[in-house]
Structure formats: C-alpha cells, structure tokens
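Each remark here refers to the structure printed beneath this line.
The values are calculated or read from the model by the stated rules, or taken from the named source; none is laboratory data. Just so it is clear, the model here is predicted, and its values are computed rather than measured. We place every Cβ from the backbone using ideal geometry, glycine too, and count neighbours over all the protein chains shown.
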There are 2 protein chains.
Amino acid sequence: MKEERYSSYSFLLDRTARRVKQYAQQKFKALKLNVTVDQWLVLKHLYEREGMKQNELAELLFKDNPTVTRIIDLLCEKEMAIRRQHPSDRRSFQVELTRKGRKKVEQMKPKIEKIRLKAWEGLSKDDFTHFKKVLDSIYKNLE
Amino acid sequence: MKEERYSSYSFLLDRTARRVKQYAQQKFKALKLNVTVDQWLVLKHLYEREGMKQNELAELLFKDNPTVTRIIDLLCEKEMAIRRQHPSDRRSFQVELTRKGRKKVEQMKPKIEKIRLKAWEGLSKDDFTHFKKVLDSIYKNLE
DNA sequence: TCCCATTCGTTGCCATGGCAACAAATTCGC
DNA sequence: GCGAATTTGTTGCCATGGCAACGAATGGGA
C-alpha cells in the first residue's frame, strides 16, 4: 500500500467503536439491565465456560489483568459472580457465576442480538465478511 | 440483513480500536513525544485552525465537552496551549497553541503517517475505501 | 424589560484501560 | 532441593469517556 493519506481510519475506527459501545450501553440502561457492556461480556463468557481463571478470561477478552480484576470485583459486588480458590494453584481463582449471574445472562442473551444488529442496517453479508477481514488484518499487523 | 450471528463485530471493533491507539501510544512513548494520542489529535486540529472554541473542538473530534476540557487542561499544563477570553462571549474561550505547541505539531506531523501506515500492510486501497464506508454506515445507523 | 430556556465550560462520579510495581505462589535450571 | 525467574492477581496512577448537575452568560419571547 502506497504512502497516501490513510490517517483518517484511526479516527473513524475510534469514533465508531465508542459509538457502538455507547449505543449498547444506552439500551442496557433503558432495559434496566444494571450491568455495563464489558461486564456483560465477562458474564457471557463465564456462562459458556464456568470456572475460568481470570487469566484465561483476560486472554479471551483481550483485556489486561487489572481490568479483568476490576470487572470481576464489580460482578462480585453485584452478587453475579464469585471467586473460588483454584484447587491446585493458590495464586489463582476459578470464577463462577452465581444463580443470579446465570439468570442475568439468560435474561439478556436474546436482547443483545437485536441491539447489535441495529448497526448493520443497509449492509450486506459481504460487507460484514470484508469488514471482519480488515479488522483482523489491522490487529495482526500491530501485534 | 438477516438475523444471523453478527455479534462478533463489536468485539473485533473494540479490540482493534484499542490496539490501534495503544500501538500509536507506544510509538509516541518510544519517541519521547510526551503527549497522548488524544492530546495529539487536539494539537493537530488547533494547528490547522487556531482559536476554536472548546465547543467546536468537541464537535470535530466527536468527544464530549468534559473530555475536551480535560485534554485542554493537560495541554495548558504542558504549556502547549492557552485559553483566551472569547471577545464577544464571556462563557467561552478561544483555544490557541503556544509556540511550544506549534513546534510540537511540526515535530510530530511527519512521524505520525508512518505510525498510522503500519496497520495497513497487506491491505489495498479498495480495502481502505470499503472499510471507511462500513465504519461510516455503522456510525450513521446508531446516530 | 424581565423571565425563561439554552449554551458553554466545569466538576464530580464511575468504569475502562494502559502501565508499572508488588507479593505470593509456582516452576525452571542447575 | 535450592535459588532465580516467571506467573497470577492486585493495587496505584493517570487518561479517556459517558453522564448528570451546576453556575455563569447569553438570547429569545411575552
């Protein structure tokens, strides 16, 4: 790719990512879901695979350890998750959902798809495929 | 667009946007530029059009007023910008660059393009055009 | 003119997130 | 088996950013 004026992509990328998160957050609030978008992400992953170490969670979510620590702190305060001693490694925890946490995921799951879909009005499946390809390339280029 | 599994775009979008900003920030640090990526954006806009109100700056950057207030606070502390009383509206300021601020922009400008370009290795001009189109559609869909 | 709605910038609160430093626990190399 | 290096999670600091509330200033309408 020749050196031209491609600088605007970072601006658009940042702006759009913020808007997408903000949009979802506003819907969450309107639905009185009482969790943030990032907390939802953690809940969803724990629902699908319980007992993960914070470590593994961080890797899955591409968040750093401190961020995961704090999100789990909040989920524990809300009594949606608990930390259990890892049976063979006293440094780490296995994070589990409480009954309340599982209920929350089941309550939210069907609503999320609709919220997420709004962004794609007027766009095609090919747009989607291509878009994901580019996002992936960018990420890999910067690794 | 049919209701399928498009939820992953928000994850990829967020992840990539964060990576892009982080990558640039690391380069800034290595070059000892002593500004953040967002501070750079403000500097650049002020360089191109001095005397803007914080208001106008916020609109250009798609940031909210509190965020702009804080970034300008930091730029003023670093003596790269100053707030001037607006001549006809005592509520607002005209933000200007100091000599130091202008020098910083001139020093940084040529280096930024290279940093930004790294993300596009292996991607074509069409990829770029299409990518921007999709980002724009998503943004507009959520407005 | 006077009141009211609006605008502008600021402040506070909270959540995320990057980064560095740390302690405790574990693993590796010898 | 011992000491060094690494891993795991936590804490602190700072910057961004969403949101609500606020004061000061402005502008519009009765």
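Suppose the filter is touching a Ser or Thr at 6+ places or on another chain (Cβ under 9 Å) and at pLDDT 95 or above; does residue B:135 pass it? Criteria met by residue B:135.
Taking residue B:65, is it exposed (fewer than 14 other Cβ atoms within 10 Å of the Cβ) and either of a type outside the set (Phe, Trp, Tyr) or under 30 Å from residue A:115 (Cβ atoms) (or both)? Working first, answer last.
Values: exposed (fewer than 14 other Cβ atoms within 10 Å of the Cβ): yes; either of a type outside the set (Phe, Trp, Tyr) or under 30 Å from residue A:115 (Cβ atoms) (or both): yes.
Judged against the criteria, residue B:65 is a match.
Yes or no, residue by residue, for (1) in contact with a helix residue (DSSP H, G or I) (Cβ under 7 Å, 6 or more places away or on another chain); (2) modelled with pLDDT of 95 or more; (3) more than 9 Å from chain A (Cβ to nearest Cβ):
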site	(1), (2), (3)
B:6	yes, no, no
B:9	yes, no, no
B:20	yes, yes, no
B:25	yes, yes, yes
B:31	yes, yes, yes
B:42	yes, yes, yes
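A single entry from B:132, B:140, B:125 fulfils the requirement of being away from DNA strand D (no atom under 12 Å from the Cβ), within 14 Å of chain A (Cβ to nearest Cβ) and surrounded by 15 or more Cβ atoms within 10 Å (Cβ to Cβ): B:132.
So, in segment A:33-53, exactly how many residues are closer than 24 Å to residue A:107 by Cα and more than 11 Å from the chain's Cα centre (by Cα)?
To start, the set of residues in segment A:33-53 that are closer than 24 Å to residue A:107 by Cα comprises A:33-52.
Filter once more, so that each one left must be more than 11 Å from the chain's Cα centre (by Cα): A:33-35, A:46-52.
Count: 10.
Can you pull out the residues in segment A:5-37 that are of a type in the set (A, V, I, L, M, F, W, C), over 23 Å from residue B:134 (Cα atoms) and assigned to a helix (DSSP H, G or I)?
Applying the first criterion (of a type in the set (A, V, I, L, M, F, W, C)) to segment A:5-37 yields A:11-13, A:17, A:20, A:24, A:28, A:30-31, A:33, A:35, A:37.
Subsequent filtering for residues that are over 23 Å from residue B:134 (Cα atoms) retains A:28, A:30-31, A:33, A:35.
Scanning segment A:5-37 gives A:28, A:30.
The set of residues in segment A:48-78 being within 14 Å of another protein chain (Cβ to nearest Cβ) and more than 10 Å from DNA strand D (Cβ to nearest atom) consists of A:48, A:60, A:61, A:62, A:63. Remark: pairs (first residue in segment A:90-114, more than 14 Å from chain B (Cβ to nearest Cβ); second residue part of a helix (DSSP H, G or I) and modelled with pLDDT under 95; Cβ separation under 6 Å; 6+ apart in sequence or on different chains) are absent. From the list A:60, A:31, A:46, the one residue that fits, being out of contact with any Lys or Arg (no Cβ under 6 Å at 6 or more places or on another chain) and loosely packed, with under 14 Cβ neighbours inside 10 Å, is A:31. Of the residues making up segment A:115-143, those that are in contact (Cβ under 8 Å) with a residue 24 or more places away in the chain and of a type in the set (D, E, K, R) are A:116, A:118.
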